[in-house]
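Just below is one structure, and these are the notes that go with it.
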Amino acid sequence: MVSTLSKAVLAGVACGALGVGLGGFWAFRDEPVRQEPMRTFIRPTAPATLGADATPERGAPSEVAVPSSTASEVAAANGVSTAPDAPAVAPADPLRIKRLVVTDRIEDREPVADPHLRADGTQVFAFVELANLSTDAQSIEIVFEHESGQQVGFVKLPVPKEKARWRTWGKTGQIKKTGRWVAKVRSSGGDELMRQDFLVGQG
């Protein structure tokens, strides 16, 4: 009886073990094995530096070189003119001629109209009215020139300073040719200030 009971127990245990094993097997077959996704670790690297001939990737912001301001632009922004200095302008002649009259006579410090100019050595006058508003005394020179190029006279006359009206005259007795003559008034520096043509007839 004992042996029979023992056999029964052993058989039950064996069957239980087998059932457990089969259950585990079917459980293993019914439940799929979960696989963890593979993870790839990438070590970060420093950004590459573009060389002088490299082209930046599309879409990447590009740097535009901005030219530096020139010295003239900086000076203009600061209100400083960089234009070259203009050449110095020579001051105008301080003398201003108002009248030049050629005549054969002077009366009451005025020239006589309708002169009779003759080529016989008779004196010929060049009357000049002018102004000198400068603070320095000036001088003028009167020259009589024939159409042939002959020049006579060369009379130098002083002009006081700060004179709004000054009358003076020069004369010559060397006009001995008929024809066209011209009386010229020159500054002390040789600049021609005024001229007056006149005719000389027979004596």
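A few remarks follow.
- Leading residue by the ranking (farthest from S187 (Cα to Cα)) among those in the stretch 123-151 that are polar (S, T, N, Q) and part of a strand (DSSP E or B): Q151
- The stretch 152-181 - residue that is loosely packed, with under 15 Cβ neighbours inside 10 Å and part of a strand (DSSP E or B) and, of those, farthest from the chain's Cα centre (by Cα): G179
- Filtered residues of the stretch 133-151 (kept if among the hydroxyl-bearing types (S, T, Y) and either under 47 Å from the mean Cα position of the chain (by Cα) or under 22 Å from E110 (Cβ atoms) (or both)): S134, T135, S139
- Qualifying residue in the stretch 110-122 (condition: at pLDDT 95 or above, among the charged types (D, E, K, R) and outside any loop (DSSP other than H, G, I, E, B)): yes
- Test: residue in the stretch 132-151 that is touching a Phe, Trp or Tyr at 6+ places or on another chain (Cβ under 9 Å), farther than 15 Å from Q196 by Cα and of a type in the set (A, V, I, L, M, F, W, C): no
The values are calculated or read from the model by the stated rules, or taken from the named source; none is laboratory data. Everything numeric in this text was worked out from a predicted model, so none of it was measured. No Cβ is skipped: glycine too gets one built from the backbone with ideal geometry, and neighbour counts run over all protein chains shown.
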